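The values are calculated or read from the model by the stated rules, or taken from the named source; none is laboratory data. Just so we're clear, the structure is a prediction, and the values are computed from it rather than from any experiment. Glycine gets a Cβ as well: all are built from the backbone with ideal geometry, and neighbour counts include every protein chain shown. Heads up: the accessible areas ignore ligands, DNA and RNA and are worked out on the full protein's heavy atoms, side chains in. Shrake-Rupley method; radii C 1.70, N 1.55, O 1.52, S 1.80 Å.
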Amino acid sequence: MTISKKDCSSNGQVYVIGSGAAGMMAALSCSNSNPVTIITDGKLGHSNSLMAQGGIQVPKDSADDRSAMVEDMLKSGRGSASKERIIYFVKNINDAMNYLLDLGVKFDLEEDGTLVRRHAGGLSSPRIISATDKIGPILINALRKRVISTKNIEVHEKCQVEDIKIMEKRGKNTFQISYRNMGKEFSKKNINN
């Protein structure tokens, strides 16, 4: 199962820099059709995502609640947010939630088995879904387990990206990523787009 409706379309290796929630979800999504390498400066999953405490804002499955979430986010952005991107985000958040549920993330549930939705500042209705107020560690642990068990994903821990160059080669873009592993020599990887 993927979090997006389409897989990555590249015919080559996919490199993901960073192993927070977004990096691991991107790697998992792309691994269905491409080999993936995650380059991270610490251990897999050690990121700011690990520190998250509150929850994830998720609208109920209704046009009204999705519209209200878009309006709440636009208001919170005070004119600096892209309405098109917010609409896209809100439209696809339930796919991401279903993916997290499939991974086994244990969100707080009502007695009837539905997700608990809490109210928070800036929200016109309760939309915060949490996991015992420790969303970060619970989410990262589930993603980390899936990344480790996915054969198509290679992880390079404790690496620092030094440079990314974009070059044109035979009419195609080629990317060169240089990264250092714990003080060792640079590793340069050429990636054809």
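The requirement of being within 30 Å of PHE175 (Cα to Cα), modelled with pLDDT of 90 or more and not in a loop (DSSP other than H, G, I, E, B) is not satisfied by ALA96. Checking the structure you have, find out if any residue of the range 76-85 is surrounded by 12 or more Cβ atoms within 10 Å (Cβ to Cβ), assigned to a loop (DSSP other than H, G, I, E, B) and at negative phi. Yes - at least one qualifying residue is present in the range 76-85. Here ALA52 clears all of (1) closer than 26 Å to VAL90 by Cβ; (2) at pLDDT 90 or above except the condition numbered (2). Scanning the range 119-168 for residues being touching an Asp or Glu at 6+ places or on another chain (Cβ under 8 Å) and open to solvent by 80 Å² or more (accessible area, probe 1.4 Å) gives a total of 3.
Scan the range 28-43 and tell me whether some residue there is on the phi > 0 side of the Ramachandran plot, at pLDDT 90 or above and open to solvent by less than 40 Å² (accessible area, probe 1.4 Å). No, the range 28-43 has no match at all. The residue pairs whose first member lies in the range 121-137 and is without any contact (Cβ under 8 Å) to a residue 24 or more places away in the chain, whose second member is basic (Lys, Arg), and whose beta carbons are closer than 8 Å, counting only pairs six or more residues apart or on different chains, are PRO126/ARG117; PRO126/ARG118. When VAL16, VAL70, VAL90, VAL105 are screened for being of a type in the set (Val, Ile, Thr) and assigned to a loop (DSSP other than H, G, I, E, B), only VAL105 passes.
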